[in-house]
Structure formats: structure tokens, C-alpha cells
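The block underneath contains the structure these notes are about, expressed in C-alpha cells.
Read the figures in this text as sums done on the coordinates, not as results from a lab. Note that this is a predicted model, so its numbers are computed, not measured. Glycine also receives a Cβ, built like all others from the backbone with ideal geometry; neighbour counts cover every protein chain displayed.
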Amino acid sequence: MDLLQWLSAILLLSGCALGVIGGIGINRFPDFYTRMHAAGVTDTLCAGLFFGGLMIHFGLTLASAKLFLIFLFMLFTCPTSTHALAKAARHSGLVPWTKTSGVEQGASK
Amino acid sequence: MILEQLIDIFLLVFLAIISIAVLRIRDLFTAVMLFGIYSLTSASLFMVLDAADVGFTEAAVGAGISTILMLATISMTGREEKPLKKKGTMLPLAIVVITGATLVYGIMDLPPFGEPDNPVHTHVAPRYIEQSPQEIDVPNFVTAVLASYRGYDTLGEVVVIFTAGVGVMLLIGRRRKRKEGISNE
Amino acid sequence: MSDHLILRIVGKFLIPYILLFGLYVQFHGDFGPGGGFQAGVIFASAFVIHTLLFGLESAERIAPQWVLKIVAASGVLIYALVGVAAMLMGGNYLDYDFLAADPIAGQHIGIILVEFGVGLTVASVMMLLFFTFAGRGEAS
Amino acid sequence: MILAAAAIAILVTMLLAIVRALLGPSIFDRMLAVNMFGTKTVMLISLIAALAGRADYLDIALVYAMINFIAMIAVMKYFEYGTLGHDGETTEE
Amino acid sequence: MLAHLPVLVILAPLLGAPVASLLRGPNWPWLLATLLSWFALLCSVLLLIQVNAQGTFIYTMGGWEAPWGIEYRIDFANALLLVLITGLASVVLPYARLSVEHEIGADRCPLFYTALLLLILGLCGITVTGDAFNVFVFLEVSSLATYTLIAMGKDRRALTASFSYLIMGTIGATFYLIGVGFLYVMTGTLNMADLAERLPAISDSSTVRTAFAFIVTGICLKLALFPLHLWLPNAYTYSPSAVTAFLGATATKVAVYVLIRFVFTIFGVEFSFGAEPLAEVLVPLAIIGLLSASTVSIMQPNIKRMLAYSSVAQIGYIVLGLAMGTAMGLTASLLHVFNHGLMKGALFMVMGAVAYRMGGTSIDDMRGLAKTMPLTFWAFVLGGLSLIGVPLTVGFVSKWHLILAALELGWWPVVVAILAGSMLAVVYVGRVVEAGFFGEPKDATKREAPWGLLVPLWVLVIANIWFGIDTRLTVDIAEAAAAQLMAGGVVR
Amino acid sequence: MSGLGVWNYVIIIFLMMIGLYMVMSSSNLVKKLIGLNVFQTSVFFLYISFGYIEGATGPVMQEGASLYSNPLPHVLILTAIVVGVATTAVGLALSVRIKESFGTIEEDELHTMDSSL
């Protein structure tokens, strides 16, 4: 394997690893807002690494351009929707979890 | 490739999980959302099985339009489903079991999954792949079949969509009034 | 959705690109996945985004119902009339071979026209469906 | 090989997202999980494109990303305003 | 242009529908639809003549020959059905103008006529095509139009009726789709003639048997065979009069046609009746259906509902005929498809006229009708006699053939059941006639229905008598069609 | 049939039956329509599985590819998806109307209302 392939593999796998971590995160964190970190933060970076890896995999072709477009699209839309979601949740009166408020509290809705 | 078939099975299991969840959930809003991811997953399944055009359409229609129309509907009809009455569940279950058993019986003699010499792949389809470059010269065989060989079917499809538009407008369309200012009925 | 300012701005920024992508899918359908139907839905979904972000009134100012009705009907008519044209030029119904001197060119013309008709009808009907449902929700 | 590993990782993530979507408990948790599931689908499709060696499948990944976004907005709009056609200039209702 | 006849039948409603949706006011779309339906009738009569003269008519769509493209394959059976559909459309549409404006409201007329044209298009499309999947597409065109049209009824129960039809109809169509899929995977083709050719070689497999079961069940849902008929009575009762008249006369008949096409042409007689127990399943269901539905219809206070149940019973006769699996039975079945279309069309149109004047269709509204609306009432009497099967009406012709077919097989109990069904028909028709003659009019000031309703109505009633006396035309065609179908699909 | 192929069909049938059960047992009309969609979608899987060829690529012409999967099921299912969404739209419109005139979209309650009329 040459260098580019190594690079591609590293990017892909680290992206995927981040994805899995995010997946574990949304299951392990105690309430909605903390889960949102797991999902929102990993999603964008994971997509970035992943598409970077794929772009190297495809080489300098039209496919890479398309991948870049998808990446751009997700770069814009993912944080936007996460932001809007957080705002909507706050709006509806979902209270963030704190250590003092004890166990699972997300079920206010 | 074995990997493709593995992804195929994985996605089908996801679909089964999601559909059971949709069946059990009382909150229609959640049900509609889950239906959205059901459609997305099924679209990926179509992709895995090499049906790119179908995956395209299913994503745009099932996950997009259908979900949004369902959301619009439950915004008018309310989101709680009342719990089931006990009495009515036996007959559907019986029908479903019988139908399912018939289908399982039916797949026993099916040609093997994914073999290139199945009758489906040897009788009509080869012509589309072998002759269409000379007859139609469109690289996408699906488009060639859709628009030319079976163009009449597609005409029917357009008419179906048109019929749906006419039907929905007849049923819940706003009566003709001034367009400006959104006349509330 | 005025308190979702970011959503509005991002959405507004994306709409023209989605329309462009719809056109690409419409005319690239011969070469890759896609075609009139998918393009119509994508085209319509740009309007759906607009409606969601800026309200039905604003969207209907851009695409009034009577226009959509005409477009929907004309899409079906285009498809049907391509067939009639082939019939008048001596072929069977929908036989695009007769649309031009060269059969292959005829097929190309036929497929492009037909897909265009599909795209028109699907886009306008999808918009009509969404506007009708959303409008009913507003009224009640 | 790498692609296969990546595919399995994505599938596992999808499964985890489904679990959260089913568990809830609040509606926002579900929305979050659905959103995450959507992005993972986009990645899966891109991966399938790489596996099949077909660049034209990437168009479809783009559509998925778009649909995911639209569905997200629609869900949010439904949740905050109760209707989809509202112009949203006013929040009360 | 003669070579394009079958396409012209389809093209008339196909081009008419979008244009009608753009017109304004109640009259222009109506005029367009009426003229087009007459044109379609003309074409289909010419087509029947042509089929009679030259045999099966094959028309390839887009010039692609059969298994690769979609073809029209028109023999006697389709041609007969086509004449029935377009004929009834040409009678119902003139009738529709007054009743639709009365029941729907002028502002929704353009879209209403669009939907009606689409319904005609769907039904004709199912009838002419020679492709199994194409049937599904046009089935859905007609079904979607039907759901909408039924929901246009004034009574709010029209909505629930339409919804339950939507659910049942879609399940039926999906079953059909599953069946066609199984056939496709075994043969690799969707063309009916090609299927008929390739099926015998592989018919002894569980997949083909399952396909058969699913297709028959799916179509039986659509044609409202006895245990699957639950959607029909409400749908016919609450939909607008003109729609009921058209649907009652044609929709289920087209489904019967599809069943006949699959059972006889595609699967073939040996498979359907030899390898599969089709007769053993369908005959009891048909008999139970015709007796129970006739009995139920006696108890209905709403006459439209009574006629709807009677339709279920008549479906029983039709299915009984085809389930015999003989040429005689099939002839009787096809005859009854045609004849029942004529009589039910006439009877439902009578109910439309009654609803127009009296505002309802219950038996109370029929009381004393002989005095207030004699022409309408006599039309009902003649239609009712035809329904019973009195000689010199069309009803007699088909029942007579059905009894002959049963006798040929030596099925005595079946003959008894047919006669019992007729006796029940005497009771339920007699009840209404009695009310009309001897009852006191609910409102003696009501006058005869307007000519716009009476003329189309009487055209159908006269057709009922005409084809009852001059049986050559219908019987000859039905016999020829039955002979063709029995011989399998590959007859030229 | 290879092991995975059988599972493919079995799960598809399972999905179909869940959809069918949802249509018949749910009392809520919107839920019924969701069930109908699930049912139809699984039939689409069935068709697409028929058209799949192991090791083939999608039916769009490509340099170097010789084995393409069968385009015909794809075309049929494209049409069927459109038909499905059309049916869904009409069904949803009907349920909106039913809600407006009956005040409920629960089938049990609709039945009791019907008989009381």
C-alpha cells in the first residue's frame, strides 16, 4: 500500500471510530443535551474525516468533487439542524441535566 | 460479493426492528419519524441491491414527500393513537399468519438469490442490456426501459400522479377564492 | 420561524442549489441514476423548504395554485402528445423512432421530451399536494 | 478490507442510533437519533458507491443529505408551530 | 386511423382529463367529457367489428414487439368489455350533468369530470392491455379516481366508505403485485401471451401456485366476492348517483375480466381447474355470496344499499359461471357481465333521479312513485324485472345460460341456488314496486324528474329490453369470446 | 438457495406481514396508512431481490463492466413507488376530511358513530 492508501484508510477508520463513539455516546449520556454533544460533535467531524478518506480513495475525479459537495452540504446542515433542535428543546422547556438533579430527567415530554 | 449480502441482511434486520417499533408505538409523531428512517433504510437497501434509481426515488418520495405529508396530516388529526380494543386482534393475526405461511411456501421453489442464469435474467432483460445501445443509445438502461420500451407504463405512472393531485384537490383543496391573503375557510 | 434565524439563512442559501441539482438530475437522467420523476420531487422539495421556513403565503406567491394546475396538466399532455406525434408521423403510439429521420435521434428526442413531461407533472403535483395539506392545516 | 471494516462500523452506529430512537425518552432524543441515523445513511451510501466503484451513486447520497435536512426542518416546524404552512413570524398559538 | 383504434379509445379520456381540469364552470368540462366518451364508444364499437372480422387485434406500444414492450391484445372478451365501459360512460355522462351539479356543486365540477375521465381511462386501460404489470398501473389509476369520486358523496359516511375501500383496494392490488412478481421471477416475462406460453413448463412449483393464489385473492378483493365484499355496500350507497351508476355497472366487471384473463388465458384451464382447486373454492363462495347478499338486501331500508347488496349477489352469479370452467359457464358469465352492467346502470340511474326529486333513496321516498314520477318508476320496474330474470329482458338471457351451463355439468344444487336467488330478487324488487304502486306519496307535489335525467335512463332501459329480445349479438360475441378463452391465449 | 438468500426472502416476508398486520389491526387511520406503506415497500424489496445478480453492477452502462443487474424490476418498482405515494396522499387527504366531519380518526369510534346514525 502506498502512502495515499494508508492515509485514506486512517481517515476512513478514524471517522468511523468517531461515529461509533458518537453512537455509544447517545446511548450512555444521561439526558438530551449531553447526548446532543455526542451526536452533534461527532457527526460533523466523523463525516469530515470519512469523506476525506473516500475522496483520497477515489482520487482526483468527478467523484471526489461530488464527495466534496456532499461534505459541504453536511457541514452546513448538520450543525444547523443540531442547533435548531437544541433551540426547539429549550423552547419547549426541557431542562438540562445537572449532577444535583439526579437521575434521568429527559422524560419531561 | 458476500459483503453486499451481509449489508443487505443487516439493513433488513434494521427494517424489521423499526417496523415492529412503529407497530407498537402509540405516539403517531414518533411513528411518522420512524417511518422516515424506515424509508431511508429501505432506500439504502435498494442501493445495496444495485437499484440506484429505485433508491433515489424511495429516498425522495418515501422519506421526503410521504413523511412530510404524514406530518402535515397529523398536525390536523392529532398525534395520539387510542389503545387497541382487545376483541379485534385475533382475526388479523390469523389472516397474517395464513398469508405469511403461503408466502413462505411460495419462496421454496424460487430460483436462487443472485444467480445470473435465473429465468428473470435470461428471458426478456438481456435484450434491454444488449440491444439498447444500438436501438436507443442511452447509457442508463433503466431510463431506456422506463421511457421507451415500457414508456406506456410510465405514461400510466404520470397519470397516477396526476390523479392523486386531482383527488387531493377535490378532497381538501381550497375553494376558489382570491389567492391573495390566504382566505381562511 | 423568525426565531430560527440560522435555519432560515442556511435554508435560503441552499434553495437555489437544490433547484440546480433538480435540473441536473432531470437532464442527467440519461447517463446516470435519475430522471424526470426524481428531478420533479427534488424540485418540489426546494419549495417545501421555502414553505417550511417562510410560510405558505410566501411560497404561493412564487408558485400560485392555478399555475401549478396548468403545469401539472401540461406535463401529462406533453407525454401523451409525444405519443400522438409519433402516431401522426407514421409509427405506433409512443414510437419515438419516427420523431426524427434517424431512429436513434428520434429516441433521444422522445425520451427527453417525455422525461420533461414527467418532471413537470411530478414537480407541480408534489407542490400542489404539499400546499394543499399545509393550507388545510392553516385554515383549520 | 478497509471499506468492509468501515461498513460494519457504520452499520453498528446505525444500530446504536436506532436503539436511542426507540428508547426515547423525550421526543427530542428521538429526533436527534433520527438525524444521526440520516447522516450515517449518507455515509453508508457513499461507501456503497466506493464498494461498487460507481461515482454516479454519489448523487443519491446528496439527495439523502438533502432529504434528511428537509425532514428535520419539517419535524421541527411541526413541533414548534403545529402546522407546516405557518409563516412562523409569530410563535404564539 | 383504423390501425390505431385501441389507442384512440384510451387517448380520448387521456387527453380529455388534463384539459378538463383546466376548464371552468360546470358545463364545459361536462360537454368535453360527454363528447369524448361518445367518441370512445364509436371507436370501441368499430374495434369490436374489426375483431369480429379479422380476429385478435394486436397493437404494440412504441413499436416494441411483445415481450420487450407493452402490447394491446384485443380479442372478443376485451372488445365486449370495452363496449360496455364506453357505452355506459356515454350514457352516464349526459345523465351526470344535472345530478352532479345538484350533488357536488358547480365549483368542483371541472375536477369531478377530470376524475370521472380518469376512471374511464383506468378501466379501459385495464381492459385493453396485454401486460400483467400494466394492469396494475391502470388498476391504480381507476382505483384512485374511484376513491375520490366515492368520497364526493354528500353523506359524511361516504368518506369512511371511501377510506375502507382504499385500504381493501390497495391490499388487493398489492396482493396482485406479489402474484405477478412471483410469475415474473419464474418466467422472466410480464406479457400475458408470453406468460401463457412459458407457464406450463414450470407450473408444478410452489411459487407458481402461490402466485395463482395471490392473484386470485387480490382480484377477488377488487371484485367484491362474498367474504371480501365488505367495502362495496357502503361505497355504492353513499357515493354520488352518477358515480354509483357508472361504478356499479363497470368497476367490478373489469375486475371480473382480469380474473377471467388470468384464470383462462394465462394459467389455462388445466392448471386452474385441474391442478388447483379453483372451482372447489369459488363455487361455494359464489353460492353463499349470492344467497346471503340477496337475503340481506331484502332487509335494507335504503334502496341504493339494497341494490348494492344485489350487486354482490350478481357478482356471485358471474363468478359461479366462470368457476364452472366450461365454455357454457364462461359464456353465461360474460353475458351476465354485460347484462348486469346494463341493468344495474339503469337501476342506479333511477335512484339518482329519485334522489334528485325526493332528496333521498329510502323506501319511504319510493312510496307512491307511480303517481308522482311514473316514467322514473316504470324504468325501475323494467330494470327490476331484468334483475329478477323475467323473459324478454337481459337478465333472463344470462340466467338462462347459467342454468344451462349448470345442467350441462349436472350440478343440480347449483340450479336450485340460482333459482332461489331469483326468488329472493322477486322479494326485494317486489317490495319496492309494491311501495311505489300502493304507497301514499310522501310529498304529492313532487313532479317527474327532468328530461336530462330521464332520456339517458330510458336509453339504458330500452337497451335492457332490446338485448333481451334480440339476443344474437350479445350471445354470439360471448360464445365466441368463451371459445377463444377456453382455447387459451395464443389463439390468433 | 444459499443461506443468505433465504434469509433475505424470509425477512422480507416478515416485513410484509408486519405491514399487513398493522393495516388490519390498527384502529388509527394514519397508522393504517403507514402500515400500508410498510407492506408495499416490502413487496418492492421482493421485486428488487429478484433483479439482483451477485457480482453485477447497477444497470447504468460503464466502462469495463460486463454484468449488469436486471433493469426491468427497477423500472416496475419505480412505477410502483409512485403509485404508492399517490395512494398515500389520497388516503391522508381522506383522513383529514374524516377528522373534520367526524372529529376522530379512530376506526372503533367511527364504527360506533356510523351505526348510531
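Numerical summary
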item	result
Computed over region F:1-75: relative contact order in percent, which uses C-alpha pairs under 8 Å that are six or more apart	24
Separation of alpha-carbon centers, region C:73-140 and region E:420-449, rounded to whole Å	51
Listed residue pairs exceeding 20 Å between alpha carbons, taken from F:LYS31/F:LYS99; E:LYS154/E:LYS304; A:LYS66/D:LYS40	none
FRET efficiency estimate (nearest 0.05) - Cβ-Cβ, C:ALA105 to B:VAL13, R0 56 angstrom	0.70
Spatially proximal aspartates and glutamates relative to C:LYS69 (Cα-Cα < 13 Å; intrachain offsets below 8 disregarded)	C:GLU60
Cα-based helix-to-principal-axis angle, E:5-22 vs chain E, degrees rounded to 10	50
In degrees, nearest ten, helix D:58-81 long axis to first principal axis of chain D (Cα)	20
Descending principal axes extents, region B:1-82, alpha-carbon based, whole Å	46, 24, 10
Convex hull (Cα only) mean projected area of region E:333-492, reported in nm² to one decimal	10.8
Centroid-to-centroid separation of region E:240-288 and region E:335-400 [C-alpha atoms, Å]	25
Largest-first principal axis extents, alpha carbons of region B:19-129, Å	51, 34, 18
Rounded if a/c under 1.5, otherwise prolate or oblate - chain B, Cα gyration tensor axes	oblate
Dimensionless Rg over Rh [region A:3-89; C-alpha; Kirkwood]	1.06
Relative contact order computed over chain B (Cα-Cα under 8 Å; 6+ residues apart), in percent	13
Neighbour-count ranking [beta-carbon atoms within 10 angstrom, fewest first] of F:ILE11, E:ILE104, E:ILE219	F:ILE11, E:ILE104, E:ILE219
Convex hull of chain E built on C-alpha atoms - directionally averaged projected area, nm²	20.4
Cα long-axis angle, helix A:42-58 against chain A (0 to 90 degrees, to the nearest 10)	10
Cα centroid separation - region B:154-168 against region B:1-54, whole Å	27
For residues of A:46-58, the mean tally of beta carbons on other chains within 10 Å	4
Environment charge at F:ALA86 (Cβ cut-off 10 Å; Lys +1, Arg +1, Asp -1, Glu -1)	-2
Calculated FRET efficiency for the pair B:GLN131/C:TRP66, C-beta based, R₀ 35 Å, to 0.05	0.20
Relative contact order of chain E, defined on C-alpha pairs under 8 angstrom at six or more residues apart (%)	16
The protein assembly as shown: antiparallel DSSP beta bridges as a percent of all, rounded to 5	90
Furthest towards positive pole of dipole, C:LEU68, A:VAL41, B:LEU11, structure part the protein assembly as shown, Cβ charges	C:LEU68
Cβ-placed point charges (K, R +1; D, E -1), dipole of region B:1-82 about Cα centre in debye, nearest 20	420
Highest-first arrangement of E:475-481, E:449-455, E:95-101, where packing means the average Cβ count within 10 Å	E:95-101, E:475-481, E:449-455
Residues of region E:1-38 with amide N under 11 Å of a point placed 7 Å along Cα→Cβ from E:LEU46	E:1-9
Computed Kirkwood radius, in angstrom, where 1/r is averaged over Cα pairs of chain D	14.9
Cα gyration tensor shape for the protein assembly as shown, rounded if a/c is under 1.5, else prolate or oblate	prolate
